[in-house]
1. Please list, ordered by first then second residue, the pairs with beta carbon atoms under 6 Å, 6 or more apart or interchain, first in the range C:396-423 and within 14 Å of chain B (Cβ to nearest Cβ), second among the small types (G, A, S) and open to solvent by less than 20 Å² (accessible area, probe 1.4 Å).
2. Among (1) open to solvent by 20 Å² or more (accessible area, probe 1.4 Å); (2) at pLDDT 95 or above, there is one condition C:A180 misses while meeting the rest; what is its number?
3. Which numbered condition in (1) touching an Asp or Glu at 6+ places or on another chain (Cβ under 9 Å); (2) touching a residue at least 24 places away in the same chain (Cβ under 8 Å); (3) surrounded by 17 or more Cβ atoms within 10 Å (Cβ to Cβ) is the only one that C:Y254 fails?
4. Identify, by number, the condition in (1) open to solvent by 10 Å² or more (accessible area, probe 1.4 Å); (2) more than 16 Å from ligand 1 (Cβ to nearest atom) that C:I121 doesn't meet.
5. Test of understanding: among A:Y85, A:Y125, which residue is within 12 Å of chain C (Cβ to nearest Cβ) and not in a loop (DSSP other than H, G, I, E, B)?
6. Considering the range A:10-29 alone, what residues qualify as being within 12 Å of chain C (Cβ to nearest Cβ) and without any contact (Cβ under 8 Å) to a residue 12 or more places away in the chain?
7. What is the one condition in (1) within 14 Å of chain A (Cβ to nearest Cβ); (2) surrounded by 20 or more Cβ atoms within 10 Å (Cβ to Cβ) that C:M326 does not satisfy?
8. Can you tell which of B:I111, B:I156 is more than 14 Å from chain C (Cβ to nearest Cβ) and free of Cβ contacts under 8 Å to residues at least 40 places away in the same chain?
Amino acid sequence: MRWINTLDRAIQGIVLLLFSALLLVVVFQIVIRFLPVTVLWTEEITRYLFVYTIAFAAPLALYRKEFIKVDFIYSFLSAKQRAVYETIVHTLIGIVAAYLVVEGINFYLLGTFFSSPASGIPMQYVYAAVPVLGLLLLCYSVLFVISQWTSTNIEAGEK
Amino acid sequence: EEQEVTTWKLNHFSDSNHYWNETSEYFADRVEEYTDGSVNIEVYANGQLGDEVNTINSIQHGAIDMTITGETLENWTPSAMLMATPYAFNSQEHMRSTVEGEIGQEIESDIKENAGLTPLFYMERSPRNLTSNRPISAPEDLNGLDMRVPNVPLFIDAWSEAGAQPQSISLSEVFTALQQGVIDGQENPNDLIQSNGFYEVQNYINETQHVRSWIYVVIGNDQFEALTPEEQDEVQRAAEDAQEYSQELFTEQVETVEQTLRDEGVQFNENVDQKAFQQAMQPAIREYFDQEQYEMYQQIVEQGKERENSE
Amino acid sequence: MAFLLVGLFLVLLLAGMPIVFSLAVSSLVYLLINGESLTIIPQTMFAGINSFTLVAIPAFILAGNLMNEGGITDKIIQFSKASVGRVRGGLSLTNVASSLGFSGISGTALADTASIGSVLIPAMKKEGYGPGFSAAVTSMSSTVGPMIPPSLPMIIVGTLAGASIGDLFLAGAIPGLLLALGFFIVAYVVSVKRSYPKENPVSTKELFKSFLGAFWALLMVFIILWGILGGYFTPTEAAVVAVLYAFVIGAAVYRKLHLRNFPKLLIDTIVATAAILLLVGFANLFGWILVSEGIPTMLADGLLSLTDNGVLIILMLLLLLLIVGMFMETIAALTILFPVLLPVAESIGMDTVHFGVVMVLALMIGLSTPPVGVCLFVAADLAKVSVGKAFKELIPFLGVSLAVLLLVSFIPSISLFLPGLFE
Ligand code: NA
Ligand code: NA
C-alpha cells in the first residue's frame, strides 16, 4: 500500500502550494492598498484559493482523525469491535462523500452559466472544488475501512 | 377531493421592515387568495437562505423558488446590466417608461431565457448616492478618495474613470472600514445608507443619483410552468396588484428615509453637477458594453432627452 | 420534520460519529426523505467556506504555531514565572499568567491548554502540586485565550452576524481579564490552604530580562489591534500580518525557526483548519435546513411566549448555552446556534457584539466540563489523572467563570466599554 503514502504526499504538496499562494495574495492585497493602484481580484482569488485548500486538506484531516467526536462509546469497545465500529462510521462518511461527488457535479454544471465578477474566472472552475473534495473524501474513507481489516498501518496518520 | 398545494420559498435580501418585504408578504397573500390556497409563498427576509448568487443557483436546482434580483443577473445575461447603468435615466419616470416599454420587455425575455427565471413584477429602487466626509460636487473632488464600490465591474470602472479609487470590501465590513478610515466613502441607495448605519460615520450624502435602477421579483421557469394555466393567470394577477402596491410603499419610503437621515444630522449635498459626473463616467460605459448593449443604452439616453425636451 | 433532523444528529453525535459527519448524515437523510434538491448540499458547503474573513483562521493558527516553534511559549512562561512565581502557589499563578500572555497570540483555548500544559503540568507535579489541581488550573485558565484577541470564535461570530470583528475583539478583552483575575484569586487561596510551594524571587534585572524575552510575543496583540483599529488592515489581513510577524520574530529575533520545519508546520496548520472549515460548511447546510423549516423564528417566539421578563430570558439563554457547550464543540455550536439565538437576544435589547461575547464565554466554560470538554481531557491526559479527579478540583474555578458570565451578561458595559471608546 505504498501508493497511499504517495497519494498523501502529493496532496500535501498541492495543499502547500495553494496555501502559500493564498498568503502571497493577501500580502499583495495589503501592499497595494498603500500604492495608488486599484486591484480588485485579490479578495476573490483569496477566497477561491482558500476553498481549494480546504477541499484538498479536509481528506488529510479525515486520515489523521482530526475531526472532533464524542468517544464515550468508543472507549468501551474491544479492538475487534472498534474495527467494526470504525467501518460503520467510515462507510457513512463514504456515502456522504459519494453524494458530494454526484451533487458536486450538478453544482459544477450550474457554474458553467456565469463568471466571477472581479476576476472573470468561470465559476465552474471554482465550484469544481466540491466534487474534488467529495472524491478525495471517498478515497480516504475507503482506504480507512481497508486499513481496519488489513495489517496496513497508516503511516501518514501516525505522524 | 384533495387539493394539491404548491409551496414556494421566496428568499430576499432586505430586512423585514423594508418595502420589498412588505410587498413580498402582500404578494404572497394575494396569490393565496386568488388561487384559493393552492399556491403558497413562504417569505424569507434578510437573505436567510443564502446570498443573491447562491439563491439564483438554488432556484435553478429547485431548493428555492423565488427571489428579488437585479443587475446581479448580468452574470447570466449581459443586458441585465442596463437595469443599473450609471446615468442611463434622468428621472424615475423615465426609468418606469423604459421598464414598461420595449427595452424592458427585451431584458425580461433575456432573463427568462438565460437565467431560467421568469420576472413577475418589478420594483423601483431609490437612486444611488455617494457618501463622504467632505462635500463632493464634481468629479474633480474625487481626487484621492478611497471609496467602497460593490463588486460590480461597471460600477468600479465608472468610478475609476471619474477619478476615485474604488476598493472592494464586502458590505458587512463597510461600516467598520468607514469608521476606521480604511475608506473615505461609499455609494448606495439612501435606504441602505440608513439601514446599514453609514450616516453615523459619514457627514455627507452627495446627491449624485448616479444609478437609477429597478429589480424584479422572479420565479424559476420550471417552478412557474409546473402550475396549471389557471394558476399561472392568478399568480400574474396577484403580481399586477403587488406592482401597484409596491409603488405606493416606495414613494412613502423615499420620504421617510430621507427625513430620518436628515433628523440624524447627515448633510445632503444637493449641489452636485450630475452632468459632469455623467460625462466623466461615459468612457467607462462605452468601453464596458458590447455593441448591442451600448445601442440599447444609447436608445435609453435618447428617449430621456426626448422626454426632457417635450416637457 | 425538524425533529428528525435534530434527533438524528444527536443520536449520531452521541454514538461517536465525528460532529461534522453527524451534521452531514442527518442533513442528507432529511433531504432524501423530504425529496428536496440535493444540490443544496455542495452549494451551502461551498458558501460556508467561500469567505474571506474565515481565512483569518488558518492565518492565526499558523502565527500561533510559528510562535510556538520559535520558542515563544517558553519565553512567556519564563516571564510569567518571574513576575508572579514568588507568591504562594507560584507555579499555579504562573500557569494563569502564561495563559494570559499566550492568549495574545493564540486564537483557541485548546492551543493554550496543549502548549502551556505540556510545560507547566509536569513542572507543577514535580513541585508537589496535585495532578488534578494542575490539570484544572491549566484547563480553566486557557479559556481566557479566546476572550482576548485574536480569537477564532469571535471571528466566527463576526462572520455570522456581519458584526465588526474589531469591536468583538475589543469587547472580549475586559471579560477575559476578569476571568484571569478570578483564576488568580482561586489558585492563590487553594495554594495557601494546601501550602503549595513558592518560587525563589528574582531580581528586578532578571524580571526585566525575562520581560524582554516575552516582549515580542506580547507585542503581537497590540500590532493586531493597532492594525485593525487604525484602519491599516482588515482582521483577515491582520492575521496574515501576524504570520509574517511571527515568522520574522521566530527567525530573526529568537533564531529558532528553520525552513526545514516549515512544510510540517504549514500542513499541521491547514489540516487543523480544514477540520474546522468542513464543519463550518456542513453546519451551514444543517443551518440552512433549520432556517427553511422556520426553526429560529419558532424557537425565538417560543422562548418569548414563556415570559417577557428580560432577566429570565437571559438566564434561559445562559442555561441553554452552558448545556450546549457541555456537549458541543465551540465553533459548531456557534455556527448552528448563534443565528438562531441572536433574534431572541435582540428582542430583549441585547446588542449583537454583547451577545456574541456572552455566547463565546458561555461556550468556553463547556470546554472544561464533562461529558465533552476537550481542554479538560487534554489537561487531564497531560497530568495523567482521571477526568473525574481533575473536574473536582475544577469546581471553584468554574464558580469564577459562572460569576464572570453572569456579570458580563447583565452588565453590557463590561463588554461594550472598550469598543465604545473607539466609536
Ligand atoms: Na486570543
Ligand atoms: Na492554562
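1. Sorted first by the residue in the range C:396-423, then by its partner, the pairs are C:P419/C:A171.
2. (1)
3. Among (1) touching an Asp or Glu at 6+ places or on another chain (Cβ under 9 Å); (2) touching a residue at least 24 places away in the same chain (Cβ under 8 Å); (3) surrounded by 17 or more Cβ atoms within 10 Å (Cβ to Cβ), C:Y254 violates only (1).
4. So C:I121 meets the others, but not (1).
5. Numbers: A:Y125 fails: within 12 Å of chain C (Cβ to nearest Cβ).
The match here is A:Y85.
6. Hits for the range A:10-29 are A:G13, A:L16, A:L17, A:S20, A:L23, A:L24, A:V27.
7. Only one criterion in (1) within 14 Å of chain A (Cβ to nearest Cβ); (2) surrounded by 20 or more Cβ atoms within 10 Å (Cβ to Cβ) is unmet by C:M326, namely (2).
8. Values: B:I111 fails: free of Cβ contacts under 8 Å to residues at least 40 places away in the same chain.
Of the residues listed, the single one that is more than 14 Å from chain C (Cβ to nearest Cβ) and free of Cβ contacts under 8 Å to residues at least 40 places away in the same chain is B:I156.
The values are calculated or read from the model by the stated rules, or taken from the named source; none is laboratory data. Fair warning: this is a prediction, and the values are worked out from it, not measured in the lab. No Cβ is skipped: glycine too gets one built from the backbone with ideal geometry, and neighbour counts run over all protein chains shown. Ligands, DNA and RNA are stripped out before the accessible areas are found, and what is left, the full protein with its side chains, is counted by its heavy atoms. Shrake-Rupley method; radii C 1.70, N 1.55, O 1.52, S 1.80 Å.
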